[in-house]
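One structure below.
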Amino acid sequence: MLKYISPDELAAIIKSDKVPGKDYCVIDVRDDDWAGGNIKGAQNAPSSQFYVHVHDLVQKTKNVPMVVFHCALSQVRGPKAARIYAQARDQLEGDGEDIPHQVLILRGGFSDFQAKYKDDPELVENWSKEVWSNPEWL
């Protein structure tokens, strides 16, 4: 069963002495809606192509103990990608080629995260007022 992480918990991890890409990584599966901002250091792995590229992502992150997934709201795309990734990663671990790990989903997605942290450059980058003040994107 996949677990959720709150925006505050993720912000604390990012601001800690943990190293992105080594101790944790954030995977943003938004597609065209990636425009307008992202969590600092997040990797974009569009949901429309996720299944095709999941094994490459697992190979790149198999030594990372915490992988956090999100989309705009973390209601469909983020949780689905997290499940697909977790299954592939668990298979690798079962084969003895992986380390123990957590696959987490950011509660509320980037929408909630940016609402709280958009003005903190340690947490959010490339934020666009034009995108986030447009009701079509919310």
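Filtering the stretch 46-65 down to residues that are open to solvent by less than 30 Å² (accessible area, probe 1.4 Å) and of a type outside the set (Val, Ile, Thr), which residue is farthest from Ala81 (Cα to Cα)?
The qualifying residue farthest from Ala81 (Cα to Cα) is Leu57.
Can you run down the residue pairs with Cβ atoms below 7 Å, 6 or more apart or on separate chains, where the first is in the stretch 9-20 and of a type in the set (Val, Ile, Thr) and the partner is modelled with pLDDT of 95 or more?
Ile13/Tyr24; Ile14/Lys40; Ile14/Glu122; Ile14/Leu123
When the stretch 4-45 is examined, which residues are found to be at positive phi and open to solvent by 10 Å² or more (accessible area, probe 1.4 Å)? Let's see the steps before the verdict.
Filtering the stretch 4-45 for residues at positive phi gives 21, 36-37, 41.
Gly21, Gly36, Gly41, listed by residue number.
Which condition number in (1) hydrophobic (A, V, I, L, M, F, W, C); (2) more than 26 Å from Leu123 (Cβ to Cβ); (3) open to solvent by 10 Å² or more (accessible area, probe 1.4 Å) is the one that Leu73 fails?
Checking Leu73 against (1) hydrophobic (A, V, I, L, M, F, W, C); (2) more than 26 Å from Leu123 (Cβ to Cβ); (3) open to solvent by 10 Å² or more (accessible area, probe 1.4 Å), the one that fails is (2).
Could you run through the stretch 120-138 and say how many residues are in a loop (DSSP other than H, G, I, E, B) and at pLDDT 95 or above?
Summing the residues that are in a loop (DSSP other than H, G, I, E, B) and at pLDDT 95 or above in the stretch 120-138 gives 4.
The values are calculated or read from the model by the stated rules, or taken from the named source; none is laboratory data. Please read these numbers as outputs of a predicted model, since none were measured by experiment. Cβ atoms come from the backbone with ideal geometry, glycine included; neighbour counts cover every protein chain shown. Keep in mind that these areas ignore ligands, DNA and RNA; they rest on the heavy atoms of the full protein, side chains included. Shrake-Rupley method; radii C 1.70, N 1.55, O 1.52, S 1.80 Å.
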